[in-house]
1. What ³J(HN,Hα) values, in whole Hz, does the Karplus curve 6.51 cos²θ - 1.76 cosθ + 1.60 give for the stretch 50-57 when θ = phi - 60°, with x put for Gly and Pro?
2. List residues of the stretch 41-75, by number, whose backbone nitrogen lies under 18 Å from a label position 7 Å along Cα→C-beta of V117.
3. Within the stretch 167-207, what residues put their amide N at less than 14 Å from the label point 7 Å along the Cα-to-Cβ vector of A24?
4. Put +1 on the Cβ of every Lys and Arg and -1 on every Asp and Glu Cβ in the stretch 14-154; which of V145, S125, P104 then has its Cα farthest towards the positive end of the dipole?
5. When a footprinting reagent is the concern and you count Cβ atoms within 10 Å, what order do S202, S276, S220, S373 take, fewest first?
6. Give the distance, in whole Å, between the Cα centre of the stretch 103-120 and the Cα centre of the stretch 30-57.
7. Just from the alpha-carbon atoms, what are the Rg and Dmax of the stretch 190-254 in angstroms?
8. Based on Cβ point charges of +1 for Lys and Arg and -1 for Asp and Glu, what charge dipole magnitude is obtained for the stretch 14-154 about its Cα centre, in debye rounded to the nearest 20?
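The numbers here are math on the coordinates, done by the rules we state, and not lab data. It should be emphasised that the depicted structure is a prediction, and the values quoted were computed from it without experimental measurement. Because the Cβ atoms are built from the backbone with ideal geometry, glycine has one as well, and the counts that use them run over all protein chains shown.
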Amino acid sequence: MTVPGEDGPRHVRLDRVTQVLLEAPGFTLSTVLLQDDRTFAVLHRKVPEAVVHQAIEDSAGRLPTDWEKWEGDARVSLALPIDQALDAGRFYAFLPMGPSAVPPVPALLDAPFFPDVDRKDLEASVPLNDMWIRELCAHAADVVVAAAAGHVELPLPLCVDLLCWDAPRLQQLADELDARDAALDALPVLPTTTGSASSLDSAWIWPGADASEFGAAAVSNCGAADILDVQTLGANRTRRLRALAVRRELPLDPQPEHLADFAEDVAAHLLTEQASLDRWAAFYDDLAQHQALGAACSNKRILLTADVVLRAAEDVDGSSVFFAPTAEDAGTTPTDVPDGVRSRLAFMPRDLPTRAAGAAGRNRPGRTWLVTSGLVLQPHLWWHVVGGVVGSFCAGLVASSPG
C-alpha cells in the first residue's frame with residue numbers, strides 16, 4: 001500500500017502470518033501475527049445472503065436505497081489481541097470508527113455496518129447493524145463452546161473476553177449458548193491458579209494477598225475451591241468478570257462462611273499430609289488475615305489437638321480447646337482430674353509455635369486471632385471448665401438425693 005512520507009509517497013508492504021485453529025461450516029477461528037509482532041485471535045463468520053436481505057428490508061427508510069442491490073453472502077469478524085486485553089473494543093466498517101464507537105464486547109468488531117455520516121459511530125438499533133452484532137454474538141458462542149469442549153486451544157483469558165457482553169446483549173449470548181446445550185454460568189473456560197478451567201458458578205477470586213498455608217494456592221491445591229488466576233486475567237478482565245458475575249447474580253468474592261468451609265478443607269489436608277507444627281502455626285497466622293472469619297469457624301474442625309485430631313471450638317462432645325501450658329504460662333496440663341472432667345478438655349500441641357521466638361514470647365497473629373475469636377482458650381482458664389463440670393456433677397447429686 002502507499003502511505004504519505006516526508007519525501008513523498010512511499011510503498012509499505014503489510015505482512016501477516018495466519019494459522020487456522022478451527023474451521024467449521026460458516027465460520028473459522030485463526031491466529032494472525034502482524035508485522036509489528038502483535039498477535040490476534042480472529043473469528044470470521046459467514047452471513048447468508050438471505051439473512052442480509054431480510055435485515056436490509058427491515059431497515060427500509062433508514063438506509064440508502066443502494067443497500068437493496070446487495071448480492072452474495074457477507075462476512076463479519078471479531079478480533080482479540082492475545083497478549084493483552086483491550087481497554088475497550090471498537091467498531092470497524094472496514095476502517096475503524098471513532099473512539100465513541102464502542103461495541104458491547106471488549107473486542108474489535110468488523111462488519112458492513114451502516115455508520116453515521118461522519119463514520120464516528122453507528123446506531124445499533126438499525127436492524128441491519130443489530131443483525132451484524134447478533135451474528136457476531138452467535139459466533140462468540142460457537143467459539144466458546146468449542147473451547148470448553150476442547151475442540152480448539154484458545155487461551156482462556158480470550159474466552160473471558162467472549163463472555164463479557166454488556167446488557168442487553170449478554171442475554172443474547174446466554175440464549176445462543178442455551179441453543180447449543182451450553183449454560184453461560186457453567187462453561188469451564190475461566191483460568192484458575194492450578195492451571196485448570198473453572199466456571200462462573202464455581203470459581204472464586206481470592207480476597208487479599210496470597211499466603212503460604214491459607215491462600216489461593218493452598219485452597220486450590222487441596223481441592224477446596226477453584227480460585228481464579230487474576231494474574232493471568234489482568235486488571236481489565238478481572239473487572240469485567242466481576243461485573244459479569246454480578247449481572248448473573250453469582251458473586252465471585254467469598255464470604256466468611258465460604259472461607260470457613262475452605263479453612264476446614266485445608267485443615268483436613270494438612271492433617272492428611274502430616275504437616276509440621278510450623279506449617280500449622282503458619283496456617284493459623286494466615287487465618288488471622290481474615291478478622292471476620294472467627295465466628296464462621298466456631299463449628300469448623302480446624303483446631304489441631306495434642307492427640308492429633310481436628311476439633312471445632314463448638315464440638316459435638318461439648319469439650320473446650322485450650323493452648324497447652326508452656327514455660328510462659330502458670331499451671332500445667334491437668335493429669336490427675338477425673339475422667340469425666342478430662343473428657344471435657346482438649347489441648348493444642350504443646351510444641352505448636354504460636355509465640356514469637358525469643359524471651360519476650362509475644363503472641364503470633366494466629367494465637368491472638370484464635371483467642372479473640374473465642375476458638376481457643378488460654379491455659380489458665382482450664383480450671384473454670386473443671387469447676388463447671390464439678391459444679392454440675394454436685395448439683396445433679398443434690399437433685400437426685402432423697403428428701
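1. Result, rounded to whole Hz: 4, 5, 5, 4, 5, 5, 5, 4.
2. Under cut-off, by backbone N: 61-66.
3. From the stretch 167-207, the list is 176-183.
4. V145
5. Values: S202 14, S276 11, S220 23, S373 19.
Lowest count first: S276, S202, S373, S220.
6. Centre-to-centre distance over Cα atoms comes out at 13 Å.
7. 11.1, 33
8. Details: 11 positive and 22 negative charges, 24 e Å.
Rounded to the nearest 20 debye, it is 120 debye.
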